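One structure is given below, encoded as C-alpha cells.
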Amino acid sequence: MLLFASTIALAAAALPSEDILAPGPQGDLKRSLTRTEDPAAPVVLIIPGSGPTDRDGNSPLGINAGSYRLLAEELGAQGVSTVRIDKRGMFGSAGAIPDANAVTIDDYVDDTRAWVKTIRDATGTDCVWLLGHSEGGLVALATAQEEDAVCGLILVATPGRPLGDVLKEQLRSNPANAPLLSQADATIDALAAGRQVDDADLPAPLTPLFAPAIQGFLISAFSLNPTQLVERISKPILIVQGEADVQVGVADAEALKAAAPSADFVLVPNTNHVLKVVPPNDVAANIATYADPTYPLRSVSWKRSSSS
C-alpha cells in the first residue's frame, strides 16, 4: 500500500530520461522514462489531463507550468521511476494518428494498456501505477477496469462526477456566460446521451467548446461516471486533491472517496489544479502559476511497504 504526505518540493537533481516507444494505431506513441538506479523501484505512468497537454504538463493553450516534469523529478529523487506520455496524435506521438481529435476515452485506454506492456518489458516490473491528472484520472479509472497489470491508481484532481456536469459548473463560474447557459446545458445533455449536435445552432462563443471535430470524444467522456468506475476497483487507490483547485473541487474528491471507502485520501492545502503552491483566496495569483514553470510545485512524499 502507498501513503502520501504533503510536502513542498525541493530542488532535486534530475535523473536522466530516455524516450521509449509503444505501438500506436498508425505509428509509434512516445514517452519519457525517468528510471531510478533501483531496478525494483515502483514505476508510475503519468496520464495527462484534457486537451493538447504534453508529457511535461504544458499546453499551447497557455499552460507552461511544467507540472508533470517537476513531479517526475521529485518522485525520482524519492526512488520512484516515472513515465510521462504524449497522447496519440500530439507532440512526440503525432505520427500515431493523422487527427488528434479523432479519439475516444476507449482509444486512450488502449494506449495506456500499450504503455503498461511496454513499461513492463522495458523495466521488468510486474505492474505499473497509474497516476491520472484531471481528465487523465478518468482514463486511469477506465483502464483499471480492463488491465490486470496495474498496481493501483493515484487520482490527482480527478472529477468525481461525469465531465459534462463539471463543464456545466465551470461555465456557471463566470457570470458573463449567463446568456449561454441554457443552450450549453442542452448541448451537454445531448452529447451525454450520445447525440451529435449541429454547431450551426450554437452561439459563437460555444462553437469552439463543442466543435464537430471533438464531439465524438465528448460523447465518450460524458458517458462515464467516475464514482461508478472507482467503486469497482479492488486495487489500492490514492485520491489527491488540492484545496485551492478552481477547476476540480474538493467535493469531487470526496465523492470519489465515498464511492471507494478504502482509498487513501489526501487534501493538500494551498494547492491548485496544476499542483502549485498558491496564496489562499487569490484567483489571479492561482491562474498565474499555470504559466510559470519556476513556481514551486506542491508535491507528495512516496512511502511504500514491501507489498507494493
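A few comments on the model shown:
- Proximal charge balance of residue 16 [Cβ under 12 Å; K/R count +1, D/E count -1]: -3
- For residue 150, the residues whose modelled amide H falls within less than 5 Å of its own, excluding neighbours fewer than 5 places apart on the same chain, are 128.
- Taking θ as phi - 60° and the Karplus parameters 6.51, -1.76 and 1.60, the scalar couplings of region 90-103 work out to 10, 6, x, 9, 4, x, 5, 8, x, 10, 5, 7, 7, 9 Hz in sequence order, x denoting glycine and proline.
- Under 5 Å, built H, 5+ apart or other chain: amide partners of residue 58: 66
- The phi-based Karplus calculation (6.51 cos²θ - 1.76 cosθ + 1.60; θ = phi - 60°) puts the 3J(HN,Hα) values of region 263-269 at 5, 6, 9, 10, 9, 9, x Hz, whole numbers, x for Gly and Pro.
- In this structure, the amide hydrogen of residue 243, modeled 1.01 Å from its nitrogen in the peptide plane, lies closer than 5 angstrom to those of 268, 270, 271, counting only residues at least 5 positions away or on a different chain.
- The magnitude of the dipole of region 94-203, with charges of +1 and -1 set on the Cβ of Lys/Arg and Asp/Glu and taken from the Cα centre, is near 340 debye.
- As a calculated quantity, the FRET efficiency between residue 145 and residue 182 at R0 = 45 Å, using C-beta atoms, amounts to about 0.80.
- In this structure, residue 246 and residue 102 have a Cβ-Cβ separation that, at R0 = 22 Å, corresponds to a calculated FRET efficiency of about 0.15.
- For region 163-223: rounded, prolate or oblate by the Cα gyration tensor [a/c cutoff 1.5]: oblate
- Per the Cα gyration tensor, the chain maps to an equivalent ellipsoid with semi-axes of 30, 22, 19 Å, ordered largest to smallest.
- Sequence of 220, 134 once ranked by neighbouring C-beta atoms within 10 Å, starting from the fewest: 220, 134
- The stretch between residue 19 and residue 50, if pulled fully straight at 0.36 nm per residue, gains 8.9 nm over its current Cα-Cα span.
Only the coordinates and a few stated rules stand behind these numbers; no lab work does. Just so it is clear, the model here is predicted, and its values are computed rather than measured. Quick reminder, even Gly has a Cβ in these numbers, built from the backbone with ideal geometry, and neighbours come from all protein chains shown.
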